[in-house]
Amino acid sequence: METHKATATGLDLGPAAREIHELIGSVEDRQLSGPTPCPDYSVRELLGHLLGLTIAFRDAGLKDLGPTTDTSPDSALPVLPDNWRTSLPPLLEELVAAWRAPSALEGMTRAGGVDLPGQVAGMVARNELLVHGWDLARSTGQDFRASEEDLRSSEAMLSGDDDRTGADAIFGPPVTVPAGASLLDRVIGLSGRRPDWRPGG
């Protein structure tokens, strides 16, 4: 995947997008029906969710508001198209390019049917890539890498999310991690996941 450099005022989603691009290359067909840390998703549906959020946040960054930005991700289980292996990588490139533009962070936009300031939407997009990238890696037995900048961004966002109980809550209650846990494990715990999750474990 092409490397995108950070700009003075744009947002660089390149590291998180590249990690997902590398992960999907090693997903085997037999793994698509396997479980994930998202209780309602198999690997197939997790990939469908990743594809859908990539399109939605690309369009949110472009301020191209419409069906892709107006639909709640909880409206139906994600459907993974047959061509996902070839369609997702270029969509990730388009997502990265959209958020490198300074205009993506300006004014308001919309994602998942929710109106958000561009700065907040960009932070949410970065966190979605990081957390669901970890989900995919853990579900398919792969290593996961995240930049410290991405992890710090997710840590700040998730630490400030106090609404974890209602029907509209995006994340479950934080999972306590041991003292001295890595930054990645702390972020995953803040997202409501067990950092030691394994398929069948």
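Of all residues in the range 1-24, how many are at pLDDT 95 or above and either in a loop (DSSP other than H, G, I, E, B) or open to solvent by less than 30 Å² (accessible area, probe 1.4 Å) (or both)?
Filtering the range 1-24 down to residues at pLDDT 95 or above leaves 11-24.
Keeping just the survivors that are either in a loop (DSSP other than H, G, I, E, B) or open to solvent by less than 30 Å² (accessible area, probe 1.4 Å) (or both) gives 11-14, 16-17, 19-20, 23-24.
Residues meeting the conditions: 10.
Which pairs do you get when a residue that is aromatic (Phe, Trp, Tyr), found in the range 41-57, comes within reach of a residue that is outside any helix (DSSP H, G or I), reach meaning Cβ atoms under 8 angstrom, with the pair 6+ apart or on two chains?
Tyr41/Leu77; Tyr41/Pro78; Phe57/Ala111
Filter the range 42-88 down to the residues that are over 23 Å from Gly107 (Cβ atoms), of a type in the set (Ser, Thr, Tyr) and modelled with pLDDT of 95 or more, then identify the one that is surrounded by the most Cβ atoms within 10 Å (Cβ to Cβ).
My answer is Ser42.
Filter the range 98-115 down to the residues that are farther than 9 Å from Asp70 by Cα and of a type in the set (A, V, I, L, M, F, W, C), then identify the one that is surrounded by the fewest Cβ atoms within 10 Å (Cβ to Cβ).
Met108
Looking at Asp70, Asp135, which is the one that is in contact (Cβ under 8 Å) with a residue 24 or more places away in the chain, in contact with a strand residue (DSSP E or B) (Cβ under 7 Å, 6 or more places away or on another chain) and of a type in the set (Asp, Glu)?
None of the others qualify; the one that does is Asp70.
Mind counting the residues in the range 123-146 that are of a type in the set (Asp, Glu), open to solvent by 10 Å² or more (accessible area, probe 1.4 Å) and part of a helix (DSSP H, G or I)?
So the first thing to find is which residues in the range 123-146 are of a type in the set (Asp, Glu), and the list is 128, 135, 143.
Applying the additional criterion that residues be open to solvent by 10 Å² or more (accessible area, probe 1.4 Å) yields 128, 143.
So of that shortlist, the ones also part of a helix (DSSP H, G or I) come out as 128.
Total meeting the criteria: 1.
If you check Glu149 against the conditions, is it assigned to a helix (DSSP H, G or I), open to solvent by 40 Å² or more (accessible area, probe 1.4 Å) and over 14 Å from Leu51 (Cα atoms)?
It is true that Glu149 is assigned to a helix (DSSP H, G or I), open to solvent by 40 Å² or more (accessible area, probe 1.4 Å) and over 14 Å from Leu51 (Cα atoms).
The values are calculated or read from the model by the stated rules, or taken from the named source; none is laboratory data. Here the structure is a predicted model, which is why all the values come from computation and not from measurement. Cβ coordinates were reconstructed from backbone atoms using ideal geometry, including for glycine residues, and neighbour counts include every protein chain displayed. SASA here: full protein model, heavy atoms, side chains in, ligands and nucleic acids out. Shrake-Rupley method; radii C 1.70, N 1.55, O 1.52, S 1.80 Å.
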